[in-house]
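Some notes on the structure that comes next.
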Protein chains: 2
Amino acid sequence: MDISKYLNGSELDTSSKQPLYLQIALLIADKIHKQILPSGTKLPPERELADIFTVSRTTAINAYRNLEQQGLVWTKVGSGTYVAQAGDLESLSEVPWPQLFTAYPQNPLGSMLRDLVSTPAPGTISLAAGMADPALYPMDVLTELFNNHLSKTAPEDFGHIPTEGYSPLRRAIAAMLNGKGIPASSENILTLSGSQQGLYLLSKVLLEPGDYVVMEAPTFIGAIQVFQAAGARVLSLPCSGKLSLELLEDFLIRYRPKLLYVIPTYQNPSGRVMPAQERQDLIKLAKRHRLVIVEDDPYSDLYYGEQPPQALKALDSYGGVIYLGTFSKILLPGLRIGYIAGPPVLINRLALEKQYIDLHSNNIAQWLVTMFLNEGKLPGHLTTVRREYKKRRDTMAKALQRLCVNEIDFTVPEGGFYFWCKLKQSGTSQRLLQEAAKNRISFVPGEAFQTVPTPDKEFRICFTTHNETVLLEGVQRLAKTLTQVTKKNKGNDAPDCSVWPII
Amino acid sequence: MDISKYLNGSELDTSSKQPLYLQIALLIADKIHKQILPSGTKLPPERELADIFTVSRTTAINAYRNLEQQGLVWTKVGSGTYVAQAGDLESLSEVPWPQLFTAYPQNPLGSMLRDLVSTPAPGTISLAAGMADPALYPMDVLTELFNNHLSKTAPEDFGHIPTEGYSPLRRAIAAMLNGKGIPASSENILTLSGSQQGLYLLSKVLLEPGDYVVMEAPTFIGAIQVFQAAGARVLSLPCSGKLSLELLEDFLIRYRPKLLYVIPTYQNPSGRVMPAQERQDLIKLAKRHRLVIVEDDPYSDLYYGEQPPQALKALDSYGGVIYLGTFSKILLPGLRIGYIAGPPVLINRLALEKQYIDLHSNNIAQWLVTMFLNEGKLPGHLTTVRREYKKRRDTMAKALQRLCVNEIDFTVPEGGFYFWCKLKQSGTSQRLLQEAAKNRISFVPGEAFQTVPTPDKEFRICFTTHNETVLLEGVQRLAKTLTQVTKKNKGNDAPDCSVWPII
């Protein structure tokens, strides 16, 4: 059907304020409504439509787009534009959300594993999460602080505050750090909505896609995720035994990394403590190369024997160490209060970035932490949790020694939250986890702490979340699983790790 | 000085595990230490060094880099590499932080203006911030909730919780929205660290650099900043008087924007309420174009006469409206609790992004808001603040009418926080602000709410932060400023707005 006879360029009014494409669309819409152009009619190609009305091809395209969006016409790719049937567009009425999303970096831990770890079956004892025992959260102290001090606080303190943080908290944190040999005043402190936010902000401020970052291997999964999501390439520095400063220097010369991320004390997951001499050597090397070090230090207050060596930040002779702290491990995670200590110029820049993200961290929790620190409640609380966690560590060490020593190697951590274990036998910790789920016990397999996750023999168990009775039952279930897997393994081939092409 | 005679390629051990560049660096370092190569000596160019040792140029470059980082040599750009003097590198020992930062999008509001607004001189009455009156924060209710309910709550609720939010709060928010005609269950809700975080997350999930976004003009500065920082181009839809749906449709057809950001009720800063019919027409248009609408609704509970029309989200017939709410304006900003309502597939994707940023929002505040809602404290609190804010609005309206009506136009807002004023006389609101600072009164000039800030005649004043006595004093200072500026303006030329080349 030649329909160009129904369309006439002379009907356009070039002096009108109404755009030409809209005039054309209205003309065609009118003829569709009057059924002069019945449904199913093929309309002229865009080029022809442009000729009919003596307009540009863009105008013709826009006219068809308008009609399409009104639901009056539809385009069949490679065929042409047709007058729509009633109902032609009904099936499109849902918004196709997932197709509108930006690309998302894959989680290093496969979703199957993540489900096992994060949502275990009912009755499961989870040794997976790195979390303080809720029974030890100082809720009574918080209530007391709320009752005794809230009425003495100006309500303005709970309005909008500077992005850098609640000033009394910044001062209190600086004083706390001074007590640890870290020189700081409040202008060096940015309070965070959890130390995870510090990693995120640092990645926004310091990293461009393609930049290199050096990290211990294994290391904290949340840091790996944030740096990889920022497009960084991660160089791994093995941290079992001695940290290889030679390898680090090699990385520095060859790749000029933007930063080194390191957990010097009770490392997550390995539990390692960097010795004092190694800390000094690292600072010396970092100074020489003007290397930015991000020192993540969530665990150093949780020592169960001697105090650990001073933080890298306390040794920082060149101003290149950025220190990350948190109250999640020593008080409670629900506060979501962490902090960064660094030079003011960095704090200011991070605050500009933070402002876009949440304006400032919540002041109820900032105020609670301030009171906790200023009323001198922290030392007593730390004494309590250290004593309790030490008992749990010892209980778990004895139980592992008694029940699992034939199947796994482990070292007893001097502080922090974790035992880092390694299977002696064949098979991977990922496979062990699958078996463990059947015995209602869970942990985190080692691959979760690697930048390129590949099944390995290591796994992390947390000894702080549960009391000794539960821990003992947990180790028994683990031991049972290890025995079962050992039996199954006998005569089995190594697991198939080949990469199969997807066709 | 020809120093190539001191260097001999035969000294390299190609079978060694030590990289060649390091062997070369060690050789040269040795000769520097022995002062065979005294300080100031010019070393061979990289190409020549490569020839001497029969290695690649990259190896030669890396050898010099190593020496440079040891502080033994230094490179003078365009000249060559020299053996360093003691002290040559001392001046470099500070980390040059600002040069290590990623690019930062400029704040639309100039820094001089920002200073005037955010850090006014002592004694200034600030009508700038859009903030509830701290004297009306329900701190007593929060203390009561803490005392009566904390001990009945499982401590686990203050440990780590899912990123999507504290489950009882998600349920309570869904119930609250149902009461407003918005269908939602907890899986539709993501709790946020303030609604600013919602804007940030949406920009991360929906926007790529170069995408178009449609916004009202003027509009909320925080939204402009986040979208522009994501690299979006903003199309402005004037919102004085009627919203032009024709212009919006034109934008939709020509630019296919990713989303429309809109504050339909008591718009910030204009105070405008989108009429019911316009809401229906907007939804109809959006449905036809499958347009994603971000509806920001911080003020709709703060009406001082009739209730406003239902939210766009209540009319959403195609699932394309994303609803943003907050407790900052109706309870207190320090909670930093907001929320997004949307389809579960969007909530899940936003939660994946949020996990990187802060794991989850703080549970102390989430728990407090839950108790506030579940114990039925919200309606009473809203009645109190509405009554009080209505009085303040009326007081300010009368005072502006009495003292400033010759110099400014304004309309009395039916709800929310703001009067939106316009100078009748010549001169800009930016200039007015500079004069106002001298009279210790401040407000936000209109350009802050524009995507391309240019000095204009409009400005925003907030009537909720201060009591009536302070408001009256504020308006008197404003009136004094207006009179002074009018006098000065007589016979003055228009301000010079030319762009001068910077040479």
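The values are calculated or read from the model by the stated rules, or taken from the named source; none is laboratory data. Bear in mind that the values here come from a model prediction, so they are computed numbers and not experimental data. All Cβ positions, even for glycine, are placed from backbone atoms using ideal geometry, and neighbour counts span all protein chains on display. The protein model used for the area step is the full one, side chains on, heavy atoms only, and it has no ligands, DNA or RNA in it. Shrake-Rupley method; radii C 1.70, N 1.55, O 1.52, S 1.80 Å.
Points to keep in mind about this one:
- Pair list, Cβ < 9 Å and 6+ apart or interchain, from the range A:251-266 residues that are more than 26 Å from A:GLY325 (Cβ to Cβ) to residues that are aromatic (Phe, Trp, Tyr) and buried (at least 23 other Cβ atoms within 10 Å of the Cβ): A:ILE253/B:TYR21; A:ARG254/B:TYR21
- Residues (surrounded by fewer than 20 Cβ atoms within 10 Å (Cβ to Cβ) and either away from chain B (no Cβ under 14 Å) or within 30 Å of B:ASP358 (Cβ to Cβ) (or both)) located in the range A:240-250: A:SER240, A:GLY241, A:LYS242
- Yes/no for A:GLY241 being over 25 Å from the mean Cα position of the chain (by Cα), on the phi > 0 side of the Ramachandran plot and outside the structural domain of A:GLY416 (by TED's automatic domain parsing): yes
- Check on B:LEU291, within 14 Å of another protein chain (Cβ to nearest Cβ), buried (at least 22 other Cβ atoms within 10 Å of the Cβ) and not charged (D, E, K, R): yes
- Positions within the range B:8-42 being within 13 Å of chain A (Cβ to nearest Cβ) and either assigned to a loop (DSSP other than H, G, I, E, B) or more than 24 Å from B:GLY80 (Cα to Cα) (or both), in sequence order: B:LYS17, B:GLN18, B:PRO19
The rows are residues; the columns are (1) modelled with pLDDT of 95 or more; (2) open to solvent by less than 30 Å² (accessible area, probe 1.4 Å).
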position: B:MET215; (1), (2): yes, yes
position: B:ILE221; (1), (2): no, no
position: B:VAL226; (1), (2): no, yes
position: B:ALA230; (1), (2): no, yes
position: B:PRO257; (1), (2): yes, yes
position: B:LEU260; (1), (2): yes, yes
position: B:PRO264; (1), (2): yes, yes
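- Any hit, the range A:344-355, residues being outside any helix (DSSP H, G or I), open to solvent by 30 Å² or more (accessible area, probe 1.4 Å) and among the hydrophobic types (A, V, I, L, M, F, W, C): no
- Residue list for the range B:294-310, restricted to those being open to solvent by less than 30 Å² (accessible area, probe 1.4 Å) and outside any loop (DSSP other than H, G, I, E, B): B:VAL294, B:GLU295, B:ASP296
- Residue among B:LYS329, B:LYS313 that is closer than 22 Å to B:GLU414 by Cα, open to solvent by 10 Å² or more (accessible area, probe 1.4 Å) and not in a loop (DSSP other than H, G, I, E, B): B:LYS313
- Taking every residue in the range A:144-157 that is more than 8 Å from chain B (Cβ to nearest Cβ) and pairing it with any residue that is open to solvent by 20 Å² or more (accessible area, probe 1.4 Å), at least 6 positions away or on another chain, the pairs with Cβ-Cβ distances below 8 Å are A:LEU145/A:MET371; A:LEU145/A:GLU375; A:LEU145/A:LYS377; A:HIS149/A:MET371; A:HIS149/A:GLU375.
- Subset of the range B:115-140 that is part of a helix (DSSP H, G or I) and either at pLDDT below 95 or facing another protein chain (nearest Cβ under 7 Å) (or both) - its residue that is least open to solvent (accessible area, probe 1.4 Å): B:PRO134
- Within the range B:37-46, the presence of a residue that is out of contact with any strand residue (DSSP E or B) (no Cβ under 9 Å at 6 or more places or on another chain), closer than 26 Å to A:PHE251 by Cα and not β-branched (Val, Ile, Thr) is excluded.
A quick yes/no check of all residues on (1) open to solvent by less than 20 Å² (accessible area, probe 1.4 Å); (2) out of contact with any helix residue (DSSP H, G or I) (no Cβ under 6 Å at 6 or more places or on another chain); (3) assigned to a strand (DSSP E or B):
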{"position": "A:ARG393", "(1), (2), (3)": "no, yes, no"}
{"position": "A:MET396", "(1), (2), (3)": "yes, no, no"}
{"position": "A:ALA399", "(1), (2), (3)": "yes, no, no"}
{"position": "A:ARG402", "(1), (2), (3)": "no, yes, no"}
{"position": "A:PHE419", "(1), (2), (3)": "yes, yes, yes"}
{"position": "A:LYS422", "(1), (2), (3)": "no, yes, yes"}
{"position": "A:GLN425", "(1), (2), (3)": "no, no, no"}
{"position": "A:ARG431", "(1), (2), (3)": "no, yes, no"}
{"position": "A:GLU435", "(1), (2), (3)": "no, no, no"}
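- Index of the failed condition, A:LEU89 passing every other in (1) of a type in the set (A, V, I, L, M); (2) at pLDDT 85 or above; (3) under 27 Å from B:TYR318 (Cβ atoms): (2)
Here is a yes/no grid of residues against (1) assigned by TED's automatic domain parsing to the domain that holds A:PHE419; (2) touching a Pro at 6+ places or on another chain (Cβ under 6 Å); (3) not in a loop (DSSP other than H, G, I, E, B):
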{"residue": "A:PRO453", "(1), (2), (3)": "yes, yes, no"}
{"residue": "A:ARG460", "(1), (2), (3)": "yes, yes, yes"}
{"residue": "A:VAL470", "(1), (2), (3)": "yes, no, yes"}
{"residue": "A:GLU473", "(1), (2), (3)": "yes, no, yes"}
{"residue": "A:GLN476", "(1), (2), (3)": "yes, no, yes"}
{"residue": "A:LEU482", "(1), (2), (3)": "yes, no, yes"}
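- Qualifying residue in the range B:180-193 (condition: within 11 Å of chain A (Cβ to nearest Cβ) and either buried (at least 17 other Cβ atoms within 10 Å of the Cβ) or polar (S, T, N, Q) (or both)): yes
- Hits in the range A:21-36 - residues which are within 56 Å of the chain's Cα centre (by Cα) and either in contact (Cβ under 8 Å) with a residue 40 or more places away in the chain or open to solvent by 70 Å² or more (accessible area, probe 1.4 Å) (or both): A:TYR21, A:LEU22, A:ALA25, A:LEU26, A:ILE28, A:ALA29, A:ILE32, A:HIS33
- Residues in the range B:158-170 that are buried (at least 19 other Cβ atoms within 10 Å of the Cβ) and either more than 7 Å from chain A (Cβ to nearest Cβ) or out of contact with any Leu (no Cβ under 8 Å at 6 or more places or on another chain) (or both): B:ILE161, B:THR163, B:GLU164, B:GLY165, B:TYR166, B:LEU169, B:ARG170.
- All conditions but one from (1) in contact (Cβ under 8 Å) with a residue 60 or more places away in the chain; (2) touching a Ser or Thr at 6+ places or on another chain (Cβ under 6 Å); (3) more than 26 Å from A:LEU177 (Cα to Cα) apply to A:SER300; the one that does not is (3).
- Of the residues screened, B:GLU278 is not one that is more than 27 Å from the chain's Cα centre (by Cα) and open to solvent by 40 Å² or more (accessible area, probe 1.4 Å).
- Qualifying residue in the range B:279-294 (condition: among the acidic types (Asp, Glu), closer than 25 Å to B:GLY222 by Cβ and in the same structural domain as B:HIS160 (by TED's automatic domain parsing)): no
- Screening A:TYR318 on (1) in contact with a strand residue (DSSP E or B) (Cβ under 8 Å, 6 or more places away or on another chain); (2) farther than 19 Å from A:SER167 by Cβ; (3) aromatic (Phe, Trp, Tyr) shows it passes everything except condition (1).
- Conditions (1) of a type outside the set (Val, Ile, Thr); (2) touching a strand residue (DSSP E or B) at 6+ places or on another chain (Cβ under 6 Å); (3) farther than 17 Å from B:LEU285 by Cα; number of the one not met by B:ALA229: (2)
- Subset of the range A:358-385 (residues that are outside any helix (DSSP H, G or I), closer than 22 Å to A:LEU201 by Cβ and touching a helix residue (DSSP H, G or I) at 6+ places or on another chain (Cβ under 6 Å)): A:LEU359, A:ASN362
- Whichever residue in the range A:312-367 is within 24 Å of A:GLY159 (Cα to Cα) and among the acidic types (Asp, Glu) and, among such residues, is nearest to the other protein chains (Cβ to nearest Cβ): A:ASP358
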